[in-house]
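The values are calculated or read from the model by the stated rules, or taken from the named source; none is laboratory data. These numbers come from a predicted model, not from an experiment. Cβ placement follows ideal geometry from the backbone for every residue including glycine, while neighbour counts extend to all protein chains displayed. When the accessible area is computed, the model is the full protein with side chains, heavy atoms only, and any ligands, DNA or RNA have been set aside. Shrake-Rupley method; radii C 1.70, N 1.55, O 1.52, S 1.80 Å.
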Amino acid sequence: MMLDVVDGLPEGSPIQAVSATEDVEVARVWYETLTGSGVEGVVAKSGRSPYRAGRSSSCKKVRHAETHDAEVVGFTGAAGRPRALAVRLPDGRVALSQRLGAQLAAQVAAALVDNAPAARGRAAGGESFTAAEPGLLVEVLAGTTRHAVVTVTRVR
């Protein structure tokens with residue numbers, strides 16, 4: 001069995017065994033119940049696709065996330081073509097979103113058209129952004145685990 005290979009590795013090895021299942025219901029139970037122990041989600045792939053190290057389109061990570069309305073406090077890139085948004089999350093923290101898709105970027109750009117040149121700001125992670133005029137709200141998916149990835153889903 002594959003675990004025999006892992007058992008022979010020296011202590012402290014970066015290679016470790018992880019739970020795996022082909023049963024969708026078992027995976028759903030893991031997804032729902034393991035968040036308290038710090039598990040951020042599950043990785044799913046077709047049983048027919050081979051494992052490929054690194055990022056692969058054959059694997060999909062399904063993270064725990066919640067949607068929130070967030071105030072846009074800034075952006076990266078040009079106001080006419082924003083790359084990402086700095087948003088104030090419900091806990092007061094300012095975070096940069098993941099890169100905006102073309103359609104969302106166009107909608108945000110239309111709202112930022114009257115944005116006067118503004119000061120620079122910094123997100124909680126230290127990333128720099130151009131401050132935006134108050135008033136623009138977006139809906140975001142904000143990860144609930146250690147990575148807390150913020151994805152803008154729509155303009156409000």
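To keep it simple, each residue is scored yes or no on (1) open to solvent by 40 Å² or more (accessible area, probe 1.4 Å); (2) under 27 Å from G126 (Cα atoms); (3) free of Cβ contacts under 8 Å to residues at least 60 places away in the same chain.
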| position | (1), (2), (3) |
| --- | --- |
| T21 | yes, no, yes |
| V26 | yes, no, yes |
| Y51 | yes, no, yes |
| G54 | yes, yes, yes |
| K60 | yes, no, yes |
| L89 | no, yes, no |
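Counting only strands (runs of 3 or more DSSP E) that sit completely within region 53-130, those holding 3 or more residues that are more than 15 Å from the chain's Cα centre (by Cα) correspond to 65-78, 81-88, 120-122. Does E11 qualify as being in contact (Cβ under 8 Å) with a residue 24 or more places away in the chain, open to solvent by 60 Å² or more (accessible area, probe 1.4 Å) and out of contact with any Lys or Arg (no Cβ under 8 Å at 6 or more places or on another chain)? Answer is no for this residue. If I ask for residues that are more than 18 Å from V155 (Cα to Cα), at pLDDT below 85 and surrounded by 13 or more Cβ atoms within 10 Å (Cβ to Cβ), which ones from region 91-131 would you list? Across region 91-131, the qualifying residues are A118, G121, R122, A123, A124, E127. Please determine, by comparing only the residues of region 136-152 that are over 16 Å from T76 (Cα atoms) and modelled with pLDDT of 85 or more, which one is surrounded by the most Cβ atoms within 10 Å (Cβ to Cβ). The extreme case among them is V140. Considering region 40-49, and only residues there that are within 19 Å of E22 (Cβ to Cβ) and open to solvent by less than 70 Å² (accessible area, probe 1.4 Å), the residue that is nearest to the chain's Cα centre (by Cα) turns out to be G41. Residue check: is G36 assigned to a helix (DSSP H, G or I), more than 28 Å from V138 (Cα to Cα), out of contact with any strand residue (DSSP E or B) (no Cβ under 9 Å at 6 or more places or on another chain) and modelled with pLDDT under 80? Answer is yes for this residue.
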